[in-house]
Amino acid sequence: MSENLKFVPHATCTFCGCVCDDMDLTVDMDEKRITKAENACVLGKAWFREHGIEQRPYALIGGREATTAEGVEEAAQILARARFPLIYGLSDTTCEAQRVAVAIADMIGGTVDTTTSVCHGPSGIAFETVGESTASLGEIKNRADMVVFWGGNPAEAHPRLFSRYAVTPKGMYIPNGRKDRTVVLVDVRRTMSTPVADIFLRVKPRSDFEVLWALRALVKGRRVDPSIERRTGVSLAVLEDLVARMKSCRYGAFLFGMGLTMTRGRHFNSGALLALTTDLNEFTHWVAKPVRGHGNVTGADNVVSWQTGFPFGVNFSRGYPRFNPGEFTTVDLLARGETDAILILASDPAANFPKAAIEHLKRIPVISLDPKTTLTSQLARVAFTTATYGINVGGTVYRMDDVAITLRPAFESPYPSDEEILSAIRDRVRALLGGNRVPAVAPAVAAAS
Amino acid sequence: MLLNGVLIEDTFAEAFTMRVARLLITARTPRWAKEAALKLTGFATSVIGCKCEAGIERELAADDTPDGRPGLSVLFLTMDKESLPQRLIERIGQTVLTCPTTACFDGLPDVPDRLPVGKALRAFGDGFQASKVVGDRRYWRIPVMEGEFLIEETFGMQKGVGGGNFLILAADADAALAAAEAAVEAMSGHPGVVLPFPGGVVRSGSKVGSKRYKKMVATTNDAFSPTLRAVTESQLPEGVNSVLEIVLDGTDGAAIESAMRLGIRAACRPGVKAISAGNFGGKLGPHHFHLRRILNGASPPPAV
Amino acid sequence: MGSSLRIVNGRVYDPANGVDGEVRDVCIRDGKIAADAPPDAKRIDAAGMVVMPGGVDIHCHIAGPKVNLARKVQPEDHRYDVHPRTRVTRSGTGGSVPSTFATGYRYAGLGYTTAMEAAVTPLGARHALEELHDTPVIDKGFYVLVGNNVLLYRLLQEGRLEEFRNALAWWIKVTKAYAPKLVNPGGDELWKGQRNANITSLDDKIGPFELTPRKVIAGFIEAATALGLPHPVHIHCNNLGHTGNVATTLETMRLAEGRRTHFAHVQFNSYGPAAGKSQTNPTSGAREIAEFVNTHPNISADVGAVMFGRSTIMTGDAPLAYMLRQFGGTKWVNADTENESGCGIVPFTYQDRVYTNAMQWAVGLELFLLSQDPWRMVFSTDHPNGGSFVTYPRLIRLLMDREFRKARMAEVNQKALDRSGLRDLSREYSLNEIAIVTRAGPARLLGLTRKGQLGVGADADVTIYEEDPDKEKMFSAPRYVIKDGELIIEDHEFRVDHEGRLLHVAPDFDPGIEQVIEPFFEDFYTIRFANYAVDDRYAPHHEIIPTAPQAAGARP
Amino acid sequence: MSLAFTLRTPPTVPLEAEVLTPARLAGLSAPEAAKLSVVHGNERADLGEFFQVQGTADGGGAGEFRLTGDLSRVKHVGAGMADGRIVIHGSVGMHLGAEMTGGEIIVEGDAADWVGPEMTGGRIVIKGNAGHMVGAASRGSAVGVRGGEIVVFGNTGNEAGHGMRRGLVAIGGDAGDFAGVSMLAGTIVVLGSLGWRAGAGMRRGSIVTMHPVELLPTFSYACTYAPLYLRLLLARLRRLGLPVADAQVSGRYQRWSGDAVELNKGEVLILEA
């Protein structure tokens, strides 16, 4: 270890949606490595420790080394030519880069979609159906005397959800921290998170909806068939007890994960939980919060929403934004083979998408932006190496509770940022198209999306 | 003219424009459809005292009803369009809704004038009723102790004809009754026509107003009453000792005319002296059914 | 910046400079109004047209966390009102809560060049600034929500008034806000901490604090006055939306005691007690409110008129949104911000046949028509709460065209109209008065000396309308819009895109206040104190409007 | 002869052809129809670039026309149509008959997602299978089909009749999950099996199925009877060509009321085994 150390206080960890901004980093400036990340959880520590500068070409075109400028030219040509281009990813980069990504999609008449469509997209759809009572995490810390975790394993996926925000911290009206809270965990199996709970509801797989629906009925004083126990593994008496507690707490909070949103029922599962939250507000204060994975997926939701009116899966081919999950979401577009070019921003769909979608990725020109070599970058026509947000690049990220935080990069990277590459592509595409592409057909408003 | 030796007088029946609805009543068995229809059309002989006139038009086979069950069609008439829905709501509510297994459908679906009958009766469901659209027709499902009463939301109303008639002038009461029965038999099931009086026959034909009692709207037709031949200006030919009348209501003049033709022909049998008809000099009712023209097959002059 | 322009032959309405419809030239150089323009300056022949300063919206909701939630929650409202891109402008969607780009272009398309987002939590400031950055053409700023701030409450409760004032200044400055905003003071603590309860009077105790709304409001007015802010405290009163709230509103106005105070969307706070058999149907309290404002020159207000049709209730007043949830359909959004605020959102439709909605509509018009000083009772719909800003041209016509108003009155709930005073009012606004309530007045109330007027040195934000007897048509689509001297809209079409400025204030404070604030953050916030202040990168184009002491060159 | 369109050049990216309605084609010759605009990906194109057009549109008002080929990437066919008739020989893409108010569409093949969303009248008949969201409300909207009839001979995906307020969705095969979710009124008949959670959140309306199904615990059993209106309904389905058995017409059905989470005024009718 060299003596050339730099201390970066108040830095932010972008590993997960908690986006903790109390990282006090020590950086070995010679090694370009973060040697210490105070306050970080085990995941954050690994994220900071493992991040160094890899020696990679600035860009690869068809597997051949190229300059960033050459990569930009090739990417711009692909995007300007494409009839149904898609820009995907966005959740592991800054809002500044996300804004440019949406701008490109708008300019070329493409589609922009984020990883939300494969994680909490269902929660987005549910939100559009029933709304949501929600809160910033500090309100949960300060006030929540009952916390219900549903379909997630924070101990392993979001450790500081317990320690910094929702279980153990002392808050304004929670002077004794953990002791002042009733903690409930609902999941289909026991996990590392289970021991933290006062009450653990083990529900049968894929029966979350039935449990939530029964809770809604009980909150409203309606009848629930006793078969609920056979079907969900949770007895009516347990549910009645839970409802009594939920109605009598002072400030309750649901924190729900993909165990709820991505199992059979999807947006209806999220919707049931959000509706239950609304129902409970007849009696006392309740909020709900989806627990988000990617560091700036919440930023992506926000940016896409303010620029288009819709959170993800937005198509611009008619000259204006249209939203329709299933129609304009990435897995679906790829699986149906409808996309003819794709720019993938800080995501690795080739590693985790269904086979049919990956097969189509192999057939079309792919442009990838990533700090690392990934399965996606390996099948890309143009692969850019970029600097890592939060570590090498500043900018804005949104915590899972919509709180925007400014990043404090630890050290510089020789590689350009996503924003720089995207801006160059945007400028070049604009030159190629002579401005925004404007399809000369009237809006199909009656048939919009 | 003579028909089977019976004189057809050169006169006409004078009928009125009424409002008519057609109801299709179905049930689990023909019996229960009939029970409901008989109650529904009971005490509905003349608007003079019943505020409506109604009768069973014909029986319907299961294949001819909307729900594929046996049933009956009923014509229901009133003098004005305001009272038709009122009478229907009262009567269907008390007779069809109450009758086991029945349902009640509109028999005039293509008529633009719609009466909100089922729509009013749905209130019996006390908020538990539910509507259902099948094709382009809306029905109400009204929960009842037996199960569910189904009734169409609206019923068509059109102009109809009330008071078509002919008189059977016979040598004696037995001959008159036999002729009347034959006439009714011949007309039964005729589409678009009902005979609202008991067994289709009326013995107490009336005239408008009273010679003696100011408040009476209608009193005995003394001109055709045999016992008064000597004390009034009788219109009875010689040898006539008993008269019966057939009154016809229908959906339109053509139906009445066609039914009258069948009825009169059947009535012309031994013991009958003449066939005549009731009218008011042609000034009150717009529909005139000239007996001789009808029997010659010529159509009557168009309604005024 | 910008080329030179000379606008000739137009009828000029520039009330701030006493110009009332004179035909005269308006010259522009370097983005400012100039005494003259070079001979080669582009000429705009405005014969048959009306020339006004660009519109200034003193109160709207166009950017920030709650606006984005309201956008996201209503995809069905965007579908039928799309905003296609052009060669030079971005696409977007409309509806009652348009996307940022659509917001900027549509404001410009109505001849508005400045708009103030009226409610942003301090914690949401960074987000709001990002959105405002993506809101093209117009200049913009925001009011920061401070009226339910826990730390400020603690300082006030303990009588630490100097620290209270410094902390207020700190909050305004580090969030890059334009003015302090109070929303339903005290309500959030009851909402969040006492099972969704609410404040009902100025003398209610605010949860665990030894405070009442009365004390809080008076404290803020005093502190803001001392800071010499260009725009005073901007108040959304308690009991907003409730029948009989006129008493609370008047009581709150009296708390100003001669000091400048702005009352937001007073229409929603001008309801008399219930009338007739109804327990809830309000009467109109417009006359009492208008009279108070007329006779108190320290008080200013924007109307917050209600326009029939689709709207979105979005407010820091969470209990209000919860109450309206029962009328709004299936969706309700609530969002609590730690130590700072609450928030509620409900999609809503105002219906002319509904008593309460018709009364709200009438009360808004009454306030306009009873106002004797257009400089202090200015134009707003509290977009999108009372109606979208795209309804402004129609509202202008309702004010300018008595016959149109009468025709519309015939279509609304007559019982409500009977109990309002609208039938007795025959006044019609003049173009000069419209120029005051939509431009000169709001600019003056905001302390924006270079906005809302066309004097030499003013910002060259100019709108040119083709005269038309149908004022709705006239104000719907200006022929030309000039922003900072640049011809943005020509012949009704966007020629170039443009990025406006952030307008904000930066009041001075004793830096020692940070030692008071920081420990509170460590205990009760989930964001570090060091990461809280918003840096200049979020306001790439900005203008700091000086406070009175700063303008006078004084440094504390 | 009415107009006939044969897909000659299958689009490689989605083709949006809301222009394919009887009203838009009324009175046009084949060359004129070929000039109509469609959106191919992100650019305008002529209909004729993809379709061979023959015949002439029926004179007078909206008539009938015919589409042939694999149209599974052609979206919005018949969207907003008010009258006339479209016959499609082949499969068709999303948003078929979206928001239509009248007329008839017949598909001799499969249909993709979003058949007849938010339609108010008319009829769509799919002889094959249909995707998700048959007759559903668009995202964020509470109201789906407001009138008219959708008949699918085969299977459908999830959320058939989501938010429907009036009208009929009849499915000859199996329905996916959440059939009739949040329905406000109207009728859904499934001759095959219902998927999971049918009728969740329904306020009013009827879901009829011919196979046993376990409903949500917020539905309550009422009785077993022979609802008379079903005879009318099933007779109508027969006329529309669905294979309704006599035993289904005259059968007895379990009536379940729900959803108790909402008004509890809806019903699910399950044919007694």
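Computed from the coordinates by the stated procedures, all read-outs in this text should not be read as laboratory data. The structure presented is a predicted model; accordingly, all values stated were derived computationally and were not measured. Ideal geometry is used to build each Cβ from the backbone, glycine not excepted, and the neighbour counts take in all protein chains shown.
Compute log10 of I(q)/I(0) for region A:1-87 with the Debye formula, placing one identical point scatterer on every Cα and leaving out solvent, at q = 0.13, 0.20 Å⁻¹, to two decimals. Here the Debye-derived log intensity ratios amount to -0.66, -0.86.
Ranked by the mean number of other Cβ atoms within 10 Å per residue, highest first, peptides C:266-275, B:177-186 order as C:266-275, B:177-186. For the pair residue B:113 and residue A:170, label points projected 7 Å from Cα toward Cβ lie 8.5 nm apart. Take each residue in A:211-223, count the other chain C-beta atoms within 10 Å of its C-beta, and the mean is 4. Nearest 0.05, what FRET efficiency do residue C:372 and residue C:551 give at R0 = 41 Å with Cβ-Cβ as r? My answer for the efficiency is 0.90. Per-residue ellipticity at 222 nm computed for chain A from its helices equals -10000 deg cm²/dmol, with DSSP H segments shorter than 4 residues left out and the rest contributing -39,500 (n - 2.57).
For a straight C-alpha distance cut-off of 12 angstrom, the aspartates and glutamates reachable from residue C:72 (same-chain residues fewer than eight places away being disregarded) are A:128, A:132, A:301.
One quarter of the surface of the convex hull around the alpha-carbon atoms of chain C equals 23.9 nm², the direction-averaged projected area. Each residue in A:18, D:223, B:52 was given a count of other beta-carbon atoms within 10 angstrom of its own, and listing them fewest first yields D:223, B:52, A:18. According to the calculation over all Cα-Cα pairs in chain B, the P(r) per 20 Å bin from zero is 34, 51, 15, 0 %. For residue C:336, the amide hydrogen comes within under 5 Å of the amide hydrogens of A:134, A:135, A:136, counting only partners 5 or more places away or on other chains and with H modelled in the peptide plane.
Per residue, the convex hull spanned by the Cα atoms of region A:121-290 measures out at 98 cubic angstrom. Packing-based ranking of B:61-69, B:83-91 yields B:83-91, B:61-69, ordered from highest to lowest mean Cβ neighbour count within 10 Å.
Pop out the Kirkwood hydrodynamic radius of region D:38-119 from its pairwise C-alpha distances, inverse of mean 1/r, in Å to one decimal.
On the way: mean 1/r = 0.0759 Å⁻¹.
With all distinct Cα pairs of region D:38-119 included, I get 13.2 Å.
Expressed as a fraction of 2.2 N^0.38 Å, the C-alpha radius of gyration for chain D is 1.04.
The mean of 1/r over all pairs of different alpha-carbon atoms in region C:86-147, once inverted, gives a Kirkwood hydrodynamic radius of 12.3 Å. Panel note: the C-alpha atoms of the protein assembly as shown, placed on their principal axes, show extents of 141, 72, 72 Å (largest first). Within chain B, the whole DSSP H helices whose Cα atoms reach 18 Å or more along their own axis and whose mean Kyte-Doolittle score is at least 0.0 are B:173-187, B:253-267. Projected onto their three principal axes, the Cα atoms of region D:33-84 cover extents of 33, 22, 20 Å, largest first. For region A:5-50, with equal point scatterers placed on the C-alpha atoms only and solvent neglected, what are the log10 I(q)/I(0) values from the Debye formula at q = 0.19 1/Å, to two decimals? Here the Debye-derived log intensity ratios amount to -0.49.
Its DSSP H runs of at least 4 residues, each contributing -39,500 (n - 2.57), put the calculated 222 nm mean residue ellipticity of chain B at -6000 deg cm²/dmol, to the nearest 500. Over all directions, the projected convex hull of the C-alpha atoms in region B:19-158 averages 7.6 nm² in area.
Determine the shape class of chain A: with a ≥ b ≥ c the square roots of the Cα gyration tensor eigenvalues, call it rounded for a/c under 1.5, and otherwise prolate if a/b is greater than b/c, oblate otherwise.
Note, shape of chain A comes out oblate.
Using only side-chain charges placed at the Cβ, +1 for Lys and Arg and -1 for Asp and Glu, the dipole size of chain B relative to its Cα centre rounds to 580 debye. For chain A, the longest principal axis of the alpha carbon atoms and the long axis of helix A:95-108 meet at an angle near 60°. Between residue D:44 and residue A:363, take the C-beta separation as r, use R0 = 25 Å, and let me know the FRET efficiency to the nearest 0.05. For R0 = 25 Å, the calculated efficiency reads 0.45. Measure nothing fancy, just the Cα-based angle from helix D:228-239's long axis to the longest principal axis of chain D, in degrees from 0 to 90, nearest 10. Helix D:228-239 and the main axis of chain D meet at about 30 degrees. The alpha carbons of region D:113-271 give a radius of gyration and a Dmax of 13.7, 41 Å, in that order. Exposure proxy for C:215, A:32: other Cβ atoms within 10 Å of each Cβ, ordered fewest to most, give A:32, C:215.
Dividing the summed helix terms, -39500 (n - 2.57) for each DSSP H run of n ≥ 4, by the number of residues in chain D produces a 222 nm estimate of -2500 deg cm²/dmol to the nearest 500. Packing here is the average count of other Cβ atoms within 10 Å per residue, and on that basis the peptides C:462-470, C:422-430, A:214-222, highest first, run A:214-222, C:462-470, C:422-430.
Distance between the C-alpha centers of region C:291-342 and region C:82-108? Whole Å please. Rounded to whole Å, the Cα centres lie 24 Å apart.
Rounded to the nearest 10 degrees, the angle from helix A:266-280 to the longest Cα principal axis of chain A is 50 degrees. Magnitude of the charge dipole for the protein assembly as shown, about its Cα centre and with charges confined to Cβ atoms of Lys, Arg (+1) and Asp, Glu (-1), is about 3320 debye.
Once you reduce region D:200-273 and region D:48-79 to the center of their Cα atoms, the two points are 38 Å from each other.
Calculate the mean, over all residues of peptide C:64-74, of how many other protein chain Cβ atoms lie within 10 angstrom of the residue's Cβ.
6
The ranking of C:6, A:206 from fewest to most other beta carbons within 10 Å of each one's beta carbon is A:206, C:6.
Which of the three applies to region C:430-484, rounded, prolate or oblate, going by the alpha-carbon gyration tensor with a ≥ b ≥ c and a/c under 1.5 meaning rounded? Oblate shape, in that a/c is at least 1.5 and b/c is the bigger or equal ratio. Using a cut-off of 31 Å between Cα atoms, the listed pairs A:355/C:66; B:159/B:215; C:173/C:473; A:179/C:173; A:179/C:331; A:36/A:355 include A:355/C:66; C:173/C:473; A:179/C:173; A:179/C:331; A:36/A:355 as exceeding that distance.
Measuring r between the beta carbons of residue C:543 and residue C:158 and using R0 = 51 Å, the FRET efficiency lands at 0.90. Relative to one another, the C-alpha centroids of region A:149-196 and region B:16-66 are positioned 73 Å apart.
What number, in nm² with one decimal, is the all-direction average of the projected area of the convex hull of the alpha-carbon atoms of region C:1-137? Its average projected convex-hull area is 10.6 nm².
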